[in-house]
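Beneath this line is the structure, given in structure tokens, with notes to follow.
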Amino acid sequence: MTSLAYDSTAMLGRQLQRIKHAPGVLILTQTMPISMLLFFGYVFGSALAMPGEEYRAYLVPGLLVATAANGLMTGMFQAAQDSHRGVMDRLRTLPMSRAAVPVGQSAADLLTTALGMVPLMLVGLAVGWRVDSGPLGALGALGLLMLLRLATTWAGLYLGLLTGSEEAAGQLGSATFMLPLLSNAYIPTDHLPGWLRTIAEWNPISAVASAVRELCGRAAPAADAAWPVAHPVAGSLAWCGFLLLVFVPLAVRRYADNGR
């Protein structure tokens with residue numbers, strides 16, 4: 001355990017240095033959600049049934065969750081890039097824990113994501129979003145966001161190691177942009193067709209978005225919603241626990257088996 005902690009800390013430092021020398025990626029991940037908030041909030045907000053300010057208050061938690069879920073794409077691309085360029089092969093020759101590399105990568109991603117969400121939250125406060133539940137509710141919402149980011153990052157790391165190609169990871173990662181669209185992150189699901197509403201409400205993003213809204217003091221979801229959305233905190237914990245239970249051992253084993 002001590003060796004794993006020491007080796008993971010070293011890999012965390014490596015990953016932070018990597019981000020430091022490629023700040024464009026960090027800047028893009030911070031500015032894109034803010035651009036979407038301003039565009040969706042002021043363009044789509046006028047076309048929806050709910051008033052513009054109310055829609056922007058609804059939208060901010062959805063964008064925070066979409067940012068957290070983006071760990072799937074970033075984890076996938078970083079793992080595939082290291083694998084494609086031979087970095088993983090060199091790291092495997094070092095005398096350290098086999099879990100240290102993915103643990104360090106996921107920890108660095110979690111840290112930068114937490115910092116990167118601050119500008120979006122500040123802009124959200126400026127356009128009408130409020131946390132009415134007090135500090136405990138806000139901390140609970142932040143904890144769920146970080147848990148989702150951790151779970152999706154591990155899923156991305158495994159898929160990136162599985163593909164081993166930057167091009168394939170980039171194409172597959174771009175497809176993940178559809179996941180928040182098939183959820184309640186941007187629009188309520190109440191008026192969707194029955195089959196599409198079912199798909200959207202069983203999307204893990206919908207459960208976490210509903211949980212963040214509830215923890216921030218927003219209205220509870222409809223009583224006839226699917227179980228993960230009707231019980232959003234429990235549904236979020238169940239989804240994130242399931243993803244971690246599946247992808248953490250898969251990613252570690254994939255790395256340790258030298259990609260075979």
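Coordinate-derived values only; no laboratory data. For clarity, every value in this text was computed on a predicted model and none was experimentally measured. Note that we place each Cβ from the backbone using ideal geometry, even for glycine, and neighbour counts take in every protein chain shown.
Below are the figures for this structure:
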| item | result |
| --- | --- |
| Computed label-point distance, nm, for sites Ser174 and Ala114 using a 7 Å Cα→Cβ extension | 3.4 |
| Residue (of Leu136, Leu122, Thr93) at the positive-pole extreme of the chain, dipole from beta-carbon charges | Thr93 |
| Two-site FRET efficiency, Val43 against Thr93, from Cβ-Cβ distance with R₀ of 41 Å, rounded to 0.05 | 0.20 |
| Extension gain (nm, one decimal) between His191 and Ala234, 0.36 nm per residue minus Cα-Cα | 13.1 nm |
| 11 Å beta-carbon shell around Gly217, net charge (K/R +1, D/E -1) | +1 |
| Fewest-first sequence of Val252, Val246, Val212 by Cβ atoms within 10 Å of each Cβ | Val246, Val252, Val212 |
| Rough spin-label spacing in nm, given labels placed 7 Å along Cα→Cβ, for Trp227 and Met121 | 3.2 |
| GNM result for the chain, Cα springs below 10 Å: residue of Leu144, Leu245, Leu12 fluctuating most strongly | Leu245 |
| Kyte-Doolittle at least -1.0, axis length at least 20 Å by Cα - qualifying DSSP helices, the chain | 2-20, 23-39, 52-69, 100-126, 134-163, 232-256 |
| Stretchable slack from Leu245 to Glu167, in nm (0.36 nm times residue separation minus alpha-carbon distance) | 25.3 nm |
| Value at 222 nm in deg cm²/dmol, rounded to 500, when DSSP H runs of n ≥ 4 in the chain each add -39,500 (n - 2.57) | -24500 deg cm²/dmol |
| Computed over the chain: relative contact order in percent, which uses C-alpha pairs under 8 Å that are six or more apart | 26 |
| FRET efficiency estimate (nearest 0.05) - Cβ-Cβ, Ser133 to Glu54, R0 22 angstrom | 0.80 |
| For peptides 30-37, 57-64, sequence by mean Cβ density within 10 Å, most packed first | 57-64, 30-37 |
